[in-house]
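Asks: Here's a structure for you.
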Amino acid sequence: MKRAAILVLFFCLFISLSQGNAEAVIGIPDVTQAGTLIVPLMEKGVSSVHNTLTVVSHYCSGTRTLHWQIWDINGNPMTGLSGNQSITGDQAWVSDFGTILGGASPAQLTQLTQDS
């Protein structure tokens with residue numbers, strides 16, 4: 001029984017230590033000197049008040065840069081719907097999808113909702 005437990009332990013260690021590089025894991029620094037927040041789905045109701053609110057809080061000392069980018073329905077980055085925000089310690093960046101869409105042109109709105 002003891003031998004079986006040791007074999008299971010070594011097998012579990014082998015499996016956990018033989019994994020590849022960690023990618024997209026919380027706590028691993030990004031190559032770009034900016035924080036990249038990925039929100040997989042942002043919604044804005046057409047005839048309702050539904051709206052995606054995004055809040056990014058910065059609790060460290062110093063100033064950090066937050067880069068935001070909107071992609072269209074096909075996964076292409078939208079020109080003009082992106083930006084950088086500087087956040088200092090104990091500040092938050094708050095934005096909602098309705099505010100971002102308020103600055104979009106009719107062509108950009110069409111690109112967000114219709115397949116090319």
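Asks: Output wanted: per-residue J couplings in Hz (rounded whole) for the range 48-57, from phi through Karplus 6.51 cos²θ - 1.76 cosθ + 1.60, θ = phi - 60°, x for Gly and Pro.
Replies: 9, 8, 4, 7, 7, 9, 10, 10, 10, 9
Asks: How large is ³J(HN,Hα) for each residue in the range 69-86, as worked out from phi by the Karplus curve 6.51 cos²θ - 1.76 cosθ + 1.60 (θ = phi - 60°), to whole Hz, x for Gly and Pro?
Replies: 8, 9, 10, 7, 5, 9, x, 9, x, 7, 6, x, 10, 7, x, 10, 10, 8
Asks: State the extension gain, in nm to one decimal, for the chain segment bounded by K2 and N76, taking 0.36 nm per residue of separation less the distance between their alpha-carbons.
Replies: Working: separation 74, 0.36 × 74 = 26.64 nm, distance 5.62 nm.
Full-extension gain reported as 21.0 nm.
Asks: Mind listing the Cα extents of the range 34-116 along all three principal axes, in Å, largest one first?
Replies: 43, 27, 20
Asks: So who's got an amide H within less than 5 Å of the one on L66, skipping anything under 5 residues away but keeping other chains? H placed 1.01 Å off N, in plane.
Replies: G35, Q85, S86, I87
Asks: Using label points projected 7 Å from each Cα along Cα→Cβ, tell me how many nm separate N51 and C12, to one decimal.
Replies: Reported label-point gap for N51 and C12 is 4.9 nm.
Asks: Which chymotrypsin sites (Phe, Trp or Tyr not before Pro) in the range 39-104 sit in a loop by DSSP (not H, G, I, E or B) and have at most 12 other Cβ atoms within 10 Å of their own Cβ? All intermediate terms of the calculation are to be shown ahead of the outcome.
Replies: On the way: sites: Y59, W68, W71, W93, F97; in loops: Y59.
Passing both the DSSP loop test and the Cβ count: Y59.
No lab work stands behind these numbers, since they all come straight from the coordinates. What you are looking at is a predicted structure, and each value in this text was computed from that prediction instead of being measured. When we count neighbours, we look across all protein chains shown, and the Cβ atoms used for this are built from the backbone with ideal geometry, even at glycine.
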